[in-house]
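*Asks:* Can you keep this structure in mind? I'll have questions shortly.
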Amino acid sequence: MTTSGFRPTHVVPQHGMPAWEAPDPARPTVPLDPLLPVELGERRGDWGHIRCANGWSAWVDGRFLVAVPPDPPATGGPLASAADPRPLLRRAEEALAQYRAAVEELAGAGLDGESFRRRTRGLRIGVVVDGESVWLYDAEQGRWMYGDGTRLSTYAADEEPAAGDRGHGSTRIVAPEGEP
(Lines give C-alpha, C1' and ligand atoms only; values in the text may rest on other atoms or scores of the structure.)
Protein backbone atom coordinates (compact mmCIF):
# COMPACT_ATOMS: atom_id res chain seq x y z
CA MET A 1 0.00 0.00 0.00
CA THR A 2 1.40 3.37 -1.02
CA THR A 3 0.42 6.50 0.85
CA SER A 4 -1.25 9.09 -1.35
CA GLY A 5 1.12 11.85 -2.39
CA PHE A 6 4.30 9.92 -1.55
CA ARG A 7 7.20 11.09 -3.70
CA PRO A 8 10.65 9.80 -2.67
CA THR A 9 13.24 12.51 -2.13
CA HIS A 10 15.99 10.23 -0.82
CA VAL A 11 17.11 6.61 -0.71
CA VAL A 12 18.49 4.78 2.32
CA PRO A 13 22.23 4.00 1.87
CA GLN A 14 23.18 0.59 0.44
CA HIS A 15 23.88 -0.95 3.86
CA GLY A 16 20.63 0.22 5.46
CA MET A 17 20.49 2.52 8.46
CA PRO A 18 19.16 2.74 12.01
CA ALA A 19 15.97 4.66 12.76
CA TRP A 20 14.42 6.17 15.88
CA GLU A 21 10.89 6.95 17.10
CA ALA A 22 11.95 10.50 17.98
CA PRO A 23 15.10 12.57 17.48
CA ASP A 24 16.51 10.86 20.57
CA PRO A 25 19.13 8.05 20.42
CA ALA A 26 17.49 6.38 23.42
CA ARG A 27 14.36 5.53 21.38
CA PRO A 28 15.49 3.17 18.56
CA THR A 29 13.01 1.49 16.26
CA VAL A 30 13.26 -0.94 13.34
CA PRO A 31 16.27 -0.27 11.05
CA LEU A 32 15.60 0.75 7.45
CA ASP A 33 16.30 -1.59 4.54
CA PRO A 34 19.06 -0.77 2.05
CA LEU A 35 18.03 1.42 -0.91
CA LEU A 36 14.54 2.02 0.51
CA PRO A 37 12.96 5.09 -1.12
CA VAL A 38 11.90 7.63 1.54
CA GLU A 39 10.51 11.14 1.66
CA LEU A 40 12.38 13.61 3.88
CA GLY A 41 9.89 15.92 5.55
CA GLU A 42 11.69 17.76 8.35
CA ARG A 43 15.24 18.40 9.55
CA ARG A 44 16.43 19.17 13.08
CA GLY A 45 20.19 19.55 12.94
CA ASP A 46 21.52 16.20 11.72
CA TRP A 47 18.19 14.48 12.40
CA GLY A 48 15.82 13.92 9.50
CA HIS A 49 12.17 12.88 9.77
CA ILE A 50 11.35 10.49 6.92
CA ARG A 51 8.18 8.87 5.64
CA CYS A 52 8.03 5.58 3.76
CA ALA A 53 5.62 4.65 0.94
CA ASN A 54 3.38 2.74 3.39
CA GLY A 55 3.00 5.82 5.65
CA TRP A 56 5.41 4.62 8.36
CA SER A 57 7.70 7.37 9.60
CA ALA A 58 10.83 7.61 11.70
CA TRP A 59 13.80 9.81 12.53
CA VAL A 60 17.20 9.07 10.99
CA ASP A 61 20.63 10.62 10.74
CA GLY A 62 19.76 12.75 7.72
CA ARG A 63 23.41 13.21 6.74
CA PHE A 64 23.51 9.66 5.38
CA LEU A 65 20.40 9.76 3.19
CA VAL A 66 21.16 9.67 -0.53
CA ALA A 67 19.30 12.40 -2.43
CA VAL A 68 17.55 11.44 -5.64
CA PRO A 69 16.91 13.80 -8.55
CA PRO A 70 13.56 15.61 -8.30
CA ASP A 71 12.56 14.55 -11.80
CA PRO A 72 13.48 11.34 -13.62
CA PRO A 73 15.74 11.75 -16.62
CA ALA A 74 13.92 12.39 -19.86
CA THR A 75 13.38 9.33 -21.99
CA GLY A 76 12.11 8.95 -25.49
CA GLY A 77 13.57 8.25 -28.84
CA PRO A 78 14.18 4.82 -30.32
CA LEU A 79 14.51 1.75 -28.13
CA ALA A 80 18.16 0.86 -27.60
CA SER A 81 19.18 -2.60 -26.38
CA ALA A 82 21.16 -1.13 -23.44
CA ALA A 83 18.12 0.92 -22.41
CA ASP A 84 15.54 -1.84 -22.98
CA PRO A 85 13.69 -2.49 -19.67
CA ARG A 86 12.74 -6.08 -20.56
CA PRO A 87 16.02 -7.81 -19.55
CA LEU A 88 15.93 -6.18 -16.09
CA LEU A 89 12.25 -7.06 -15.70
CA ARG A 90 13.04 -10.65 -16.70
CA ARG A 91 15.88 -10.87 -14.13
CA ALA A 92 13.61 -9.40 -11.43
CA GLU A 93 10.92 -12.00 -12.25
CA GLU A 94 13.45 -14.83 -12.11
CA ALA A 95 14.89 -13.66 -8.77
CA LEU A 96 11.41 -13.22 -7.33
CA ALA A 97 10.42 -16.71 -8.52
CA GLN A 98 13.54 -18.17 -6.85
CA TYR A 99 12.75 -16.33 -3.61
CA ARG A 100 9.07 -17.36 -3.74
CA ALA A 101 10.04 -21.02 -4.27
CA ALA A 102 12.41 -20.90 -1.29
CA VAL A 103 9.70 -19.28 0.88
CA GLU A 104 7.20 -21.96 -0.15
CA GLU A 105 9.69 -24.68 0.71
CA LEU A 106 10.52 -23.03 4.05
CA ALA A 107 6.82 -22.64 4.89
CA GLY A 108 6.21 -26.28 3.98
CA ALA A 109 9.03 -27.36 6.32
CA GLY A 110 11.11 -28.56 3.37
CA LEU A 111 13.92 -26.14 4.26
CA ASP A 112 15.47 -25.15 7.55
CA GLY A 113 16.52 -21.55 8.26
CA GLU A 114 20.17 -22.06 7.29
CA SER A 115 19.24 -23.76 4.00
CA PHE A 116 16.82 -20.92 3.27
CA ARG A 117 19.61 -18.35 3.88
CA ARG A 118 22.01 -20.27 1.61
CA ARG A 119 19.40 -20.57 -1.12
CA THR A 120 18.48 -16.88 -1.06
CA ARG A 121 22.01 -15.50 -0.53
CA GLY A 122 22.89 -13.06 -3.27
CA LEU A 123 19.32 -12.55 -4.47
CA ARG A 124 18.67 -8.84 -4.74
CA ILE A 125 15.88 -7.13 -6.63
CA GLY A 126 14.04 -3.86 -6.47
CA VAL A 127 10.98 -2.87 -8.46
CA VAL A 128 8.74 0.16 -7.99
CA VAL A 129 5.93 0.72 -10.47
CA ASP A 130 3.94 3.96 -10.37
CA GLY A 131 1.68 4.19 -13.39
CA GLU A 132 3.86 4.42 -16.49
CA SER A 133 7.00 5.02 -14.40
CA VAL A 134 9.18 2.17 -13.19
CA TRP A 135 12.30 2.06 -11.04
CA LEU A 136 14.28 -1.18 -11.39
CA TYR A 137 17.32 -2.16 -9.36
CA ASP A 138 20.10 -3.57 -11.53
CA ALA A 139 22.04 -5.73 -9.05
CA GLU A 140 24.71 -6.60 -11.64
CA GLN A 141 25.58 -2.92 -12.13
CA GLY A 142 24.67 -1.74 -8.60
CA ARG A 143 22.28 0.99 -9.70
CA TRP A 144 18.63 2.00 -9.85
CA MET A 145 17.25 2.58 -13.32
CA TYR A 146 14.23 4.72 -14.23
CA GLY A 147 11.99 3.90 -17.18
CA ASP A 148 8.80 5.08 -18.81
CA GLY A 149 7.92 1.75 -20.41
CA THR A 150 10.11 2.11 -23.47
CA ARG A 151 13.63 2.73 -22.19
CA LEU A 152 15.71 2.99 -19.05
CA SER A 153 18.29 5.44 -17.78
CA THR A 154 20.39 5.47 -14.62
CA TYR A 155 18.59 7.08 -11.69
CA ALA A 156 20.91 6.42 -8.72
CA ALA A 157 24.01 4.27 -8.19
CA ASP A 158 25.29 2.34 -5.18
CA GLU A 159 28.75 3.84 -5.53
CA GLU A 160 30.31 6.95 -7.02
CA PRO A 161 31.83 6.26 -10.44
CA ALA A 162 35.61 6.09 -10.63
CA ALA A 163 37.32 9.37 -11.56
CA GLY A 164 37.92 8.10 -15.09
CA ASP A 165 34.22 7.32 -15.52
CA ARG A 166 33.12 10.91 -14.82
CA GLY A 167 34.71 12.36 -17.91
CA HIS A 168 37.13 14.47 -15.82
CA GLY A 169 39.77 13.99 -13.17
CA SER A 170 39.22 14.13 -9.46
CA THR A 171 38.24 17.50 -8.03
CA ARG A 172 40.92 19.19 -6.00
CA ILE A 173 41.10 22.42 -4.04
CA VAL A 174 43.51 24.94 -5.44
CA ALA A 175 44.53 28.04 -3.46
CA PRO A 176 44.19 31.35 -5.31
CA GLU A 177 47.43 32.71 -6.71
CA GLY A 178 49.67 34.26 -4.11
CA GLU A 179 48.23 32.14 -1.24
CA PRO A 180 50.05 29.10 0.19
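*Asks:* Once both labels are modelled 7 Å past Cα along the beta-carbon direction, what's the ALA67-GLU114 spacing in nm?
*Replies:* Taking the simple label geometry, ALA67 and GLU114 are separated by 4.7 nm.
*Asks:* Ranked highest first by the average count of other Cβ atoms within 10 Å around their residues, in what order do 135-147, 22-34, 52-64 fall?
*Replies:* 135-147, 52-64, 22-34
*Asks:* With each label point set 7 Å from Cα along the Cα-Cβ vector, what nm distance links SER133 and ALA26?
*Replies:* 4.1
*Asks:* On to the next question. Under the Karplus relation 6.51 cos²θ - 1.76 cosθ + 1.60, θ = phi - 60°, what is the ordered set of whole-Hz ³J(HN,Hα) values for the range 115-126, x standing for Gly and Pro?
*Replies:* For the range 115-126, the Karplus curve yields 5, 4, 4, 5, 5, 9, 4, x, 6, 8, 9, x Hz.
*Asks:* I would also like to ask the following. Carbon-plus-sulfur fraction of the accessible area of the range 22-64, 1.4 Å probe, in percent?
*Replies:* Solvent-exposed carbon and sulfur of the range 22-64 make up 53 percent of the total.
The values are calculated or read from the model by the stated rules, or taken from the named source; none is laboratory data. All figures in this text were calculated on a predicted structure; none of them were measured in a lab. Quick reminder, even Gly has a Cβ in these numbers, built from the backbone with ideal geometry, and neighbours come from all protein chains shown. Side chains included, ligands, DNA and RNA excluded: accessible areas come from the protein's heavy atoms. Shrake-Rupley method; radii C 1.70, N 1.55, O 1.52, S 1.80 Å.
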